[in-house]
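Reading through the structure tokens given below for one structure.
The values are calculated or read from the model by the stated rules, or taken from the named source; none is laboratory data. Computed from a prediction, not measured in an experiment: that's the story for all the values here. Neighbour counts run over all protein chains shown; Cβ positions are idealised from the backbone, glycine included.
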Amino acid sequence: MVAENNDGLSHAISRRIVMPETVLIVTLCTWDMLYTLYCVRTGLAREQNPVLQASIDHSDARFLIVKGLTFMIPVIFLEILRTLRPKFVTNAMRLGFLAYAVIYIVGSLVASKAF
């Protein structure tokens, strides 16, 4: 009976178009991307990643494409993998979101010299 419930849950999870965790992490990454572009263009910040700096020096569009690919490729891969390992992917996305959020908040505080 328990195996049936777990299979039913796994099947229900894998049938969703995208997981809520995916939406959260894509939203956070998109916010980071757009806010970074705004801060760099207004002189409030500098891009520290040399690859992203080169792309932003070229154009805003190139920066958005390169930065977008850095999070969309792993997210798409995990969404595809979700059909095989739904619990693993759900936990990985939750951990990834939490880690990204903590790093973003701490990095923002350090950059603003709040510490």
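Quick notes on this one:
- Matching residues in the range 102-113 - criterion: being under 16 Å from the mean Cα position of the chain (by Cα) and under 21 Å from residue 44 (Cβ atoms): 103, 104, 105, 107
- Restricting 89, 51, 75 to those that are more than 24 Å from residue 20 (Cα to Cα) and under 19 Å from the mean Cα position of the chain (by Cα) reduces the list to 51.
- Cβ pairs under 7 Å, 6+ apart, first in the range 33-55 and under 20 Å from residue 110 (Cα atoms), second loosely packed, with under 12 Cβ neighbours inside 10 Å: 40/46
- If you filter the range 47-68 down to residues that are under 14 Å from residue 34 (Cα atoms) and among the aliphatic types (A, V, I, L, M), you find that the one that is surrounded by the most Cβ atoms within 10 Å (Cβ to Cβ) is 56.
- Of all residues in the range 1-24, exactly one satisfies the criterion of being surrounded by 15 or more Cβ atoms within 10 Å (Cβ to Cβ) and either at pLDDT 95 or above or outside any helix (DSSP H, G or I) (or both), namely 19.
- Taking the range 57-90 as the range and being of a type in the set (D, E, K, R) and in contact (Cβ under 8 Å) with a residue 60 or more places away in the chain as the test, the residues that pass are 79, 82, 87.
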